[in-house]
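**Student:** Pasting in a structure now, in structure tokens, and then I'll have a few things to ask.
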Amino acid sequence: RHRWSARPRHRGIGRDEPPLKTTVRKFVRYAAVSVIATSVSLSILGFLVATRAMSAGWANIVATSAATVPSFELNRRWVWKKVGQRSLLAEVGPFCFLSFAGLALSTLAVSEVARWAASEGWTNTSRTLAAEGANIAAFGSLWILQFAILDRVLFKTTPSSIPITGQL
């Protein structure tokens, strides 16, 4: 028998680490995923607002929707080390709900800030930067709460959820 056959297939974080170290490791990875997703979102938002391809509110919806996909996959696979099939009801749906709750808040903020900046005669660049700042502020206000929900509820790892291969 191969010496690794009784090892867990699940690559979960924290199987042999103290809980605080595990949480810190997940939080750092969560932050890195947020940087990636925010970069995707702000690039799209900035382009759409700067080119006036659509209103700032609609641009924010498109940008957030596009960034939600890599955010979900990176959080699920890299931060919380989940493998196997995704559950539409238990994972994808709630994750999208959290993302789109942030979207609602950020769309309101982006729309209002862009409207205000335009009414004040701000340049297109200043208006774009203001819209991006509103996006960051809105999502940032929900960032810690989302981590707690993902860690404690959505991607919570219980001993019974860790698949084991091989026989003991």
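The values are calculated or read from the model by the stated rules, or taken from the named source; none is laboratory data. Everything numeric here is computed off the predicted structure, so don't read it as measured data. Here the Cβ is made from the backbone with ideal geometry for all residues, glycine too, and neighbour counts use every protein chain on show. Remember, those area values only see protein heavy atoms, side chains included, never the ligands or the DNA or RNA. Shrake-Rupley method; radii C 1.70, N 1.55, O 1.52, S 1.80 Å.
**Student:** Here is a list of conditions, (1) open to solvent by 60 Å² or more (accessible area, probe 1.4 Å); (2) farther than 12 Å from Asn135 by Cβ; (3) over 15 Å from the mean Cα position of the chain (by Cα), and Ala50 meets all of them except one; can you say which number that is?
**Tutor:** (1)
**Student:** Which of the residues spanning the stretch 73-90 are surrounded by 19 or more Cβ atoms within 10 Å (Cβ to Cβ) and within 13 Å of the chain's Cα centre (by Cα)? Step through it out loud before you land on a result.
**Tutor:** Narrowing the stretch 73-90 to residues surrounded by 19 or more Cβ atoms within 10 Å (Cβ to Cβ): 75-76, 79-80, 82.
If the condition is that a residue be surrounded by 19 or more Cβ atoms within 10 Å (Cβ to Cβ) and within 13 Å of the chain's Cα centre (by Cα), then Asn75, Arg76, Val79, Trp80 are the ones that fit.
**Student:** Against the condition modelled with pLDDT of 90 or more and open to solvent by less than 60 Å² (accessible area, probe 1.4 Å), how does Ser106 come out, does it pass? Outline the logic, then answer.
**Tutor:** On the way: modelled with pLDDT of 90 or more: no; open to solvent by less than 60 Å² (accessible area, probe 1.4 Å): yes.
No.
**Student:** Moving on. Could you run through the stretch 6-41 and say how many residues are open to solvent by less than 30 Å² (accessible area, probe 1.4 Å) and either modelled with pLDDT under 90 or farther than 25 Å from Lys156 by Cα (or both)?
**Tutor:** The number of residues fulfilling the criteria is 5.
**Student:** Would it be correct to say that Thr64 is open to solvent by 40 Å² or more (accessible area, probe 1.4 Å), modelled with pLDDT under 95 and in a helix (DSSP H, G or I)? Quick ask: steps written out before the conclusion?
**Tutor:** Values: open to solvent by 40 Å² or more (accessible area, probe 1.4 Å): no; modelled with pLDDT under 95: yes; in a helix (DSSP H, G or I): yes.
Criteria not met by Thr64.
**Student:** Output the residue which, of all residues in the stretch 116-150 that are more than 18 Å from Ser43 (Cβ to Cβ) and in contact with a Gly (Cβ under 9 Å, 6 or more places away or on another chain), is least open to solvent (accessible area, probe 1.4 Å).
**Tutor:** Taking the candidates together, the pick is Gln146.
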